[in-house]
Structures are given as structure tokens and as C-alpha cells.
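The values are calculated or read from the model by the stated rules, or taken from the named source; none is laboratory data. These numbers were taken from a predicted model, which means no experiment stands behind them. Here the Cβ positions follow ideal geometry from the backbone for every residue, glycine too, while neighbour counts run over all protein chains shown.
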Amino acid sequence: MAVNWLGLLSMGVFYLIVLGTGLWASRKSKREEKKCTGNRSEVTMVGGRDLNIWVSIFTMTATWVGGGYILGSAEVIYDPTRGLAWAIGPFAISLNLIVGGLFFIKPVRVKNYVTLMDLFQEKYGSTVTAILFIPSFFADIFWVASVLGALGGTVSVILDISSPLAVAVSAAVAVVYTLLGGLYSVAYTDVIQLSFMLLGLWFCVPFILSSPSSAYLSETAVTKLYQEPWIGKLELADIGRWIDDILLLVLGGVCYQAFYQRVLATATVAQAQITCYVAAGLCIILGIPSLIIGAVAASTDWNQTTFGVPTPYEQGKAGIILPIALQYLCPPIISLVGVGALAAAVMSSIDSALLSAASQFARNIYKSIIHKKASEETILVVVKVSIVLTGVIGAVLAMATSSVHLFWILSGDVMYSVMCAQVMCVFFLPQRVNQYGACTGLALGLLLRALVGEPLLGIPDLLPLPGDKIREDGLHLRSFPFRTAIMLITTGTILLVSQLAVYVSEKRLLSGNVHRPVHCELLGPIHKDVDENDGLNKEQPHSPGSNEEVGKC
């Protein structure tokens, strides 16, 4: 098949629109920087904290509805071993936004933090925060790899160009417009990208449903025709793994800086909450086309298409079943509309992950540890260099696997298994934890996750779990909710070691003091900081991100 020049042209036009929007937004960012009497770097990280409510809704929705979400949902429902019963993405992501709006917005918004790591820095100090930043950074890298892999697979199928080339070009475009204007560029391009997604995906649905090669969905939902029924089934023995996957997305999602970056860019707490609730509904709406396309692919006799046999699943191409279905079950011009929608989904998520990792590194690592007296210009340079490096690493990883769903879940796995306990403790139990508990919990969480292994990555399981089974195709399945178990064990360890450290200090068995953790109310007027050198909680009348006004930023 020759290169689809019309498709390349349409993709080029889309990228030019996105870059143009990013350039326009960068001018707004520059104007806000000139007005800012506080930290100019905060304009790049959280805008002027005055995003229009519709822009904030669009950017929050576009952040979660990325390539991994779109292609991953179709992959799961098409997979004959899983099906609709396991397509938890739309429901779980929507619930994640509702939970975030109810319980996590107010503490960070009223204190005018800039990053999620500000909470840890205020509680534990800079050194411990730097350690906790590591798993968050890797989660963002995996997220970038997931969405870039999604676009690479899509473009290679429909436009017949190499996947690595598509990944490289897409990463370069996202990096360029993120560099241009920071959060303003990300937010305003998200409006364009979400519009493409919403209209493009739903536009393709009627055409794919009318494909002559596919049987009626109502028939194949419960009857084995070309493969197992796409409705799927949930065995009693698999309930634990099913719940584990849901909690991974619901609770793991509130540990991402990308979520807080949008919350902190809104004008008020109420606007931030409304943003989450409306975005939750839009996530469901945007997930339905992927589920329909996956179900149609599972109901298709591929012998009747030009794709032929073996089927996409038998060829190991379940991860890109959505673009394959668009290519072989829709008219050519319609498939181009679909690839445009997918490109929009990918670009809307990659920029969020790039800015997330760069903001935390520049503010909480470089400025707090490496160069404490760094100027605002230097901080901005560090943000831009970090954006480029994160994009390059994510692009390299995206070229290494064909499963989009793998990196999507892996990113959430890191946040849920390792970071969720840390976030819950610092949000809801700050008076009961200290840096000793936090570091011990992190080390234990990483150790347990490594011992459990990961069959999808070829990492051996040195700690066998109850209920493990090997499928007929050799895939290692786990029914035990090990991620939730690790999260709970880590939470208990943080609390226990924190209290033990207090007890040992009171008995004068440690050199240096570890005062009993004071009540550090997140909404209180006075910050309780930890001195890294002696572990003492000290009252400080003011710190960056407090309730006092720091310029417009």
C-alpha cells in the first residue's frame, strides 16, 4: 500500500492548527508574565490562576481522555479474553474526577500551591520530597510513552508510514507548543484537540456500525460467532483483580500532578470542582465510541475484509484495533477523520505529562535543592529543558512496545502501588506521619512491587501470589488484588514507623529530636515545616503558596 498523501496532508493541517493555537497562547503567557509581580515561572506552571471555566473543563477532560484511554478501551473490549466486563476505563476515570473534586481540590487550591510536591515539601522538607518525586517522574514518562505509542500505531496503519517516524514527529510538535507557552498553550490547544476528538470519533460511529463485514452487536454480545462474545465475563475468582484495576485508576489518578495543575489554574475552588464534575461526564461520552468500535471489531469476519487472516488479535495487533477497524471497516475519507481524532487525543495528553514532570522537577528539585538562589529566568530554562528530555525518553519507550494499554496501566500502577499511600497520608493524616515513615513506606512499596514482578514486562515474580494462573496462550494472570494490598501495607507502615520514630525520640534513643507530629491542618493559617537537618516540625509565618497573596501569581 502506498503512502496516503491525502492523510498526511490532513495530519499536517491539524498539526499546524495546534501549533498556531500554541503560538497564540504563548503570547498570552508572555503578557501574564509581564503583569506578574511574584514568581514568573508560576505563569508557565499554573497560568495566571484565572482560566475561563470552559477552558478548564476542556483541558481537564482532554488530559484524561488521551491515546491510552481511547485505544486502550477499544483494545480491552476487542480482546476475547476480557471484553466489556473489563473495559473499566471510562467508568473509573469518571469516578476518579468526582473523587478528586470532592476530597482533594480544596486543600491544595485554598493554599495556592503550584505542584502536588509542595505538600510533601512543606511537611517533610526538600530532600524527602526529591526522593518521592522519582516514582512520579517515571509515571509521567510511562504516560507519555502510552499516548505516543497510540498515535504511532494509528498513523502507521492508516497513513502507511513508519510508527517511529509518527512518534518522533508527534513528540516534536507537542514539545514545541508546550515550550512556547506552558500551561496557557496546553490549555488552549486542549480546547481545539477535544473538539476534534468529540466530533471526529462520534462521526465515525455510524459508518463503522454499518460495515457489511460485521454482525449485529446484539448477536455477538452473547453468542460466539467469530470470537468469544464481546460482552466478556467476570469470574468470581477474578473479582479481586477487577476491583484492583478500578481502584488503580480511581485513586492512582489523584496522585498525578497533571490533575492538580488544572485545579490550581482555576480562579476559585468552586470552579475547580465544577470543572471536575463536568469533565467526568465528558469522559464517559468520549469513551463510548471506543467501546462501540472495539465491539464491532470483535463482531467482524475479517475474511470478508482486505485485512484477511489471521485476525488482528492473532497477529498481536489488539493494541491498535481501533485504527485497524477505521481503516478496513470505514470509507477511506472517514478513516482520515478518525485518525485526526486520535491524533488530537494523543496531543492533548502528552503535553500535560510533559509540563507535569517539568514543573515538579524545576520547582521542587532544582530550585529547592540544586540551586536555591536560582533566578526566575533560570527556572524557566530548567522547565523547558525538562520538557524536551521527558519527551525524548517517552518517545524512545513508545517505540519499544505495541501495547498501548500496557504503558497506560503501568503508569497508574506506579502511582497507585507506590505513591497513593504517601498522598493519602499527607492529605488526611498529616498529624500522624513524619519523614521517617514516609521514606520507609516508599522503600517497602518499591520492594514489594519489585518482588511481585510484572509478567507483561518479563519481570519474574519472586513473591508468588495466591490465585495466580497461566492462560492457554501463556499469559500470566493474577486474581489477587496485589496493588491494593501493597498500598494498604505501605500506608500502615508509614503510620507505624512515624509513631515508632516519635516514641524512640521521646525515650531519647535517637540523636536529634523527632517531636510528636503536630496537627498540621491543611487549611490552617500557619504552615508546619520540617527541618531536613533535625526532623523538627517548625512553625513558619509564611512560605510560597500560602494564603497570603504573592502578586497575581
_Filter the range 310-335 down to the residues that are aliphatic (A, V, I, L, M) and surrounded by 24 or more Cβ atoms within 10 Å (Cβ to Cβ) and list them by number._
318, 320, 321, 322, 324, 325, 326, 329
*With the condition kept exactly as written, say whether any residue in the range 169-178 is touching a Pro at 6+ places or on another chain (Cβ under 8 Å) and surrounded by fewer than 21 Cβ atoms within 10 Å (Cβ to Cβ).*
no
*Looking at the range 143-168, which of the residues that are surrounded by fewer than 24 Cβ atoms within 10 Å (Cβ to Cβ) and modelled with pLDDT of 80 or more is nearest to residue 354 (Cα to Cα)?*
168
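Every residue, every condition in (1) under 26 Å from residue 135 (Cβ atoms); (2) aromatic (Phe, Trp, Tyr); (3) touching a strand residue (DSSP E or B) at 6+ places or on another chain (Cβ under 8 Å), yes or no:
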site	(1), (2), (3)
48	no, no, no
51	no, no, no
54	no, yes, no
71	yes, no, no
77	no, no, no
82	no, no, no
89	yes, no, no
96	yes, no, no
108	yes, no, no
_Looking at 272, 267, 295 in this structure, which one is closer than 19 Å to residue 217 by Cβ, in contact (Cβ under 8 Å) with a residue 60 or more places away in the chain and of a type in the set (Gly, Ala, Ser)?_
295
_Residues of the range 364-377 that turn out to be part of a helix (DSSP H, G or I), surrounded by fewer than 24 Cβ atoms within 10 Å (Cβ to Cβ) and not β-branched (Val, Ile, Thr), as a count_ = 5
*asked:* I'm trying to understand the selection: among the residues of the range 85-94, which are aliphatic (A, V, I, L, M), closer than 20 Å to residue 239 by Cβ and surrounded by 19 or more Cβ atoms within 10 Å (Cβ to Cβ)?
replied: 87, 88, 92
*Out of the residues in the range 392-409 that are surrounded by 20 or more Cβ atoms within 10 Å (Cβ to Cβ) and hydrophobic (A, V, I, L, M, F, W, C), state the one that is modelled with the lowest pLDDT.*
404
*asked:* Please go through (1) over 18 Å from the mean Cα position of the chain (by Cα); (2) modelled with pLDDT of 90 or more for residue 315 and return the number of the only condition it doesn't satisfy.
replied: (2)
*For residue 350, state whether it is at pLDDT below 85, assigned to a helix (DSSP H, G or I), crowded, with 21+ Cβ neighbours inside 10 Å and not acidic (Asp, Glu).*
yes
*residue 253 is checked against (1) buried (at least 17 other Cβ atoms within 10 Å of the Cβ); (2) modelled with pLDDT under 90; (3) on the phi > 0 side of the Ramachandran plot; (4) not β-branched (Val, Ile, Thr) and fails just one. What number does that condition carry?*
(3)
*Tell me, which helices (runs of 4 or more DSSP H) wholly within the range 33-90 include 2 or more residues that are more than 19 Å from residue 268 (Cα to Cα) and at pLDDT 85 or above?*
53-64, 67-78
*For residue 365, state whether it is β-branched (Val, Ile, Thr) and modelled with pLDDT of 90 or more.*
yes
*Listed residues 341, 395, 374, 357; which is under 18 Å from residue 116 (Cα atoms) and of a type outside the set (D, E, K, R)?*
357
*Confirm whether residue 285 is more than 23 Å from the chain's Cα centre (by Cα) and among the hydrophobic types (A, V, I, L, M, F, W, C).*
no
*Near pairs, Cβ below 8 angstrom, 6+ apart or cross-chain, from the range 70-93 (in contact (Cβ under 8 Å) with a residue 12 or more places away in the chain) to any residue that is of a type in the set (S, T, N, Q) and not in a helix (DSSP H, G or I)*: 75/403; 80/227
*Which condition number does residue 223 fail, the rest of (1) at pLDDT 90 or above; (2) over 30 Å from residue 16 (Cβ atoms) being met?*
(1)
*Kindly indicate which of 298, 395 is farther than 20 Å from residue 208 by Cβ and touching a helix residue (DSSP H, G or I) at 6+ places or on another chain (Cβ under 7 Å).*
395
_Looking at residue 18 and the list (1) buried (at least 20 other Cβ atoms within 10 Å of the Cβ); (2) modelled with pLDDT under 75; (3) part of a helix (DSSP H, G or I), which single condition is not satisfied?_
(2)
*Can you pull out the residues in the range 427-466 that are modelled with pLDDT of 75 or more and part of a loop (DSSP other than H, G, I, E, B)?*
429, 433, 434, 453, 460, 461, 462, 463, 464, 465, 466
*When residues of the range 120-131 are filtered for being buried (at least 23 other Cβ atoms within 10 Å of the Cβ) and under 20 Å from residue 45 (Cα atoms), how many remain?*
4
*Matching entry among 355, 389 (being part of a helix (DSSP H, G or I) and buried (at least 18 other Cβ atoms within 10 Å of the Cβ))*: 355
*asked:* Can you report the number of residues in the range 206-246 which are buried (at least 16 other Cβ atoms within 10 Å of the Cβ), small (Gly, Ala, Ser) and either over 33 Å from the mean Cα position of the chain (by Cα) or in a loop (DSSP other than H, G, I, E, B) (or both)?
replied: 6
